[in-house]
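Participant: One structure is given below, represented as structure tokens, and several questions about it will come after.
Quick note: the coordinates plus some simple rules give every number you see, no bench work behind them. Note that the structure is predicted; figures quoted are calculated from it, not measured. Reconstructed Cβ throughout: ideal geometry from the backbone, glycine too, with neighbour counts over all protein chains shown.
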2 protein chains.
Amino acid sequence: MPDTFVSNPSFFKLDATLKKLRNYWQKMFDAHQKDITVDQWLLIENLYKHKKTTHNELARNTSKDITTISRIIELLVKKGLVKREADVYDRRKVYLQLTPEGVEKYKDVKSLVYDMRKIGWKTLTETDYAELTRILDTIYANIP
Amino acid sequence: MPDTFVSNPSFFKLDATLKKLRNYWQKMFDAHQKDITVDQWLLIENLYKHKKTTHNELARNTSKDITTISRIIELLVKKGLVKREADVYDRRKVYLQLTPEGVEKYKDVKSLVYDMRKIGWKTLTETDYAELTRILDTIYANIP
DNA sequence: AAACAATAGTTGCCATAGCAACAGTTGCTA
DNA sequence: TAGCAACTGTTGCTATGGCAACTATTGTTT
């Protein structure tokens, strides 16, 4: 393994890129008065796709800590976008799903997100995308 | 631009990979009783390389918010790893530099970091590294 | 020189991240 | 069936991230 791998700041680059992306998304959300954060959006998107999930599932699906899920869901419930529903058979479980307002929020924000996703890629090719995916997946798999 | 670019979760993948990396680093720091966080390490590394900088410079160099820098530095000062020094000519400025203990900490943690950086790359080539760097730099440059 | 703008850094507030401890529930097992 | 382990989710604590408001200082303008 060449020395570049060790001395060069790939961690730093990942961090800086992600922060700039997150910042841009948040600024666009704010500019269009979407009244949600980027991470709240990620949960809404996930809940839209899975219809009915638990905190645990959501944590796995989003790579978030379960305590973080718990707190973001609390905010979304307060905003009226998500509702909790106790499992009849297992009283430890709580099912989460979007309210009608939550579904509306999803549809409202979706097109903005669709446009924004293209921004980062505007000068890159499909091969670049595949490469990034492959490399990130490999790094992810390499870490114990 | 193909639809994959828009529908696929590159933001999510960046976030997940970075979190797993950060987590692994932190666990290794803890296991070896280094008594610092990953971000504290990033500042120490930067201060070692630049010897004497200001909060502002450090923020630019690390892609961190200046308020975050202010707070991390406060923690490092409390740990005795960094010392503040007022500028004689501009009393708004505060220069930051590692204490002898800070330099020692840098040298102590450096070899561990060196080993860890290789972990993520163990099944990847130098070309992969160059590709990742190029793609991340491009995304970064694309974002307004 | 007085007023104002720009700069450096801090503090308050809220959101996300992760660990530990906890409560309640369920399932297993002696 | 009593006891314990495993599981689900919440709460407390500390750290990082970002915005706004603030203090103190310096530079500029009139």
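Participant: Give me the angle, in degrees from 0 to 90, between the Cα long axis of helix A:10-31 and the longest principal axis of the Cα atoms of chain A, rounded to the nearest 10.
Facilitator: Between helix and principal axis, roughly 40 degrees.
Participant: In units of 2.2 N^0.38 Å, what is the alpha-carbon radius of gyration of the protein assembly as shown?
Facilitator: 1.13
Participant: For label points placed 7 Å from Cα toward Cβ, what is the shortest-first list of nm distances from B:K122 to its copies?
Facilitator: Relative to the other copies, B:K122 has label-point distances of 4.1 nm.
Participant: Could you list A:T127, B:T138 in order of exposure, starting from the residue whose Cβ has the fewest other Cβ atoms within 10 Å?
Facilitator: Fewest-to-most Cβ neighbours within 10 Å comes out as A:T127, B:T138.
Participant: Only Cα pairs within less than 10 Å get springs; with that Gaussian network setup on chain B, which residue of B:I72, B:I119, B:I36 has the largest fluctuation?
Facilitator: Checking each option, the largest mean-square fluctuation is seen for B:I119.
Participant: Shifting gears a bit: To make sure I understand, if each residue's beta carbon is the centre and we count other beta carbons within 10 Å, what order do A:D39, B:D65 fall in, fewest to most?
Facilitator: Lowest count first: B:D65, A:D39.
Participant: Dividing the convex hull volume of the alpha carbon atoms of segment A:54-144 by its residue count, what do you get in Å³ per residue?
Facilitator: Dividing the Cα hull volume of segment A:54-144 by its residue count gives 145 Å³.
Participant: Counting other beta carbons within 10 Å of each Cβ, put A:D15, B:D90, A:D30 in order, fewest first.
Facilitator: By the 10 Å Cβ count, ascending, the order reads B:D90, A:D30, A:D15.
Participant: Strictly over 25 Å apart at the Cα level, which of B:K19/B:K122; A:K19/B:K107; B:K13/B:K122; B:K83/B:K118 would you flag in this model?
Facilitator: The pairs that break the limit, which is 25 Å between Cα atoms, are A:K19/B:K107; B:K83/B:K118.
Participant: What are the label-to-label distances in nm, one decimal and shortest first, from B:K27 to the same spot in the other copies, with labels 7 Å along Cα to Cβ?
Facilitator: Distances to the matching label points in the other copies: 3.6 nm.
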